[in-house]
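For reference, the structure is listed below as structure tokens.
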Amino acid sequence: MTTSALATELLTDMVTSDSSIDMMIGIGLNKDSDAVFFQYLGEEQTPSALMLPSGKPLTRLANVRLVGLTVADGVGTFNSTKLNVILESTQGRRVMLTSGLTTLWSQYLISGLSALQQEYALDAPFTLDTWKGTSAMRPCFAAVRSGGQSVKDAHLTEQLKEAKADNNKQRSEAILRDTVQILHASVTGGSVEPVSVSVSEEKVATVDEALDF
């Protein structure tokens, strides 16, 4: 199946019936590209932009459910900390989206998922929209939509804004880790364990972008 055909299927069906991951997608891997979703291909995990047959970037994953999310530490050459989110389509196909834990995309997504849990339920279907900002670094943003309306956790958003205003990146990471653990426990039915915060020395440029939810 071609990349374009698969992108169309992801859009209409949204992302085999078993628990395996059918596709791994990185977010905003090329700031010079208009694409926001990049599929990792082959043994070399080469990123390939997901585009529609029209030539436009795939930006919306519709009618998906959250079936897993975790924080992964020590990833890659730069020892990065990543957010991994697993979404499932109505047909049971699964994709894993991965991005730096403290990127704006991850912050927006976590805020939206937290609101989804509070206002609806984490097993409720939703739509994930992703787009690029217009600043020099072209960060990616995310919106969780339920019933056509964007949802976000106002309290979590305010906590992240305060941490950014204090230039406290460790606090930002701790807030995000705590929230991910709560959401993970809700999805899996497990318990929430204490969080051990370990901040990577790698500088993520999008952390310094304006945080305007």
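Every read-out reported here was derived from the displayed coordinates using simple, explicitly stated rules and does not represent laboratory data. The structure displayed is predicted, hence computed values, not measured ones. All Cβ positions, glycine included, derive from the backbone under ideal geometry; neighbour counts span all protein chains shown.
Brief remarks follow.
- Label reach from Asn30 (point 7 Å along Cα→C-beta): in the range 56-86, amide nitrogens under 17 Å belong to 56-59.
- All other residues whose Cβ lies under 13 angstrom from that of Phe38 are scored, Lys and Arg at +1 and Asp and Glu at -1, for a net of 0.
- Listed by chain and number, the lysines whose alpha-carbon sits under 16 Å from that of Lys164, ignoring those within fewer than 8 places in the same chain, are Lys203.
- Gyration tensor verdict on the range 23-158 (Cα atoms; rounded if a/c is under 1.5, prolate if a/b is larger than b/c, oblate otherwise): rounded
- Entry note, the range 30-156: relative contact order of 21 percent, from Cα contacts under 8 Å with a spacing of 6+ residues.
- For Gly68, distant residues with modelled amide H under 5 Å away: Ile86
- Along the range 98-112 the Karplus relation, 6.51 cos²θ - 1.76 cosθ + 1.60 evaluated at θ = phi - 60°, assigns HN-Hα couplings of 10, 7, x, 4, 9, 5, 4, 4, 5, 5, 5, 5, 4, 4, x Hz to successive residues, with x for each Gly and Pro.
- The range 26-49 and the range 60-132 have their alpha-carbon centroids 16 Å apart.
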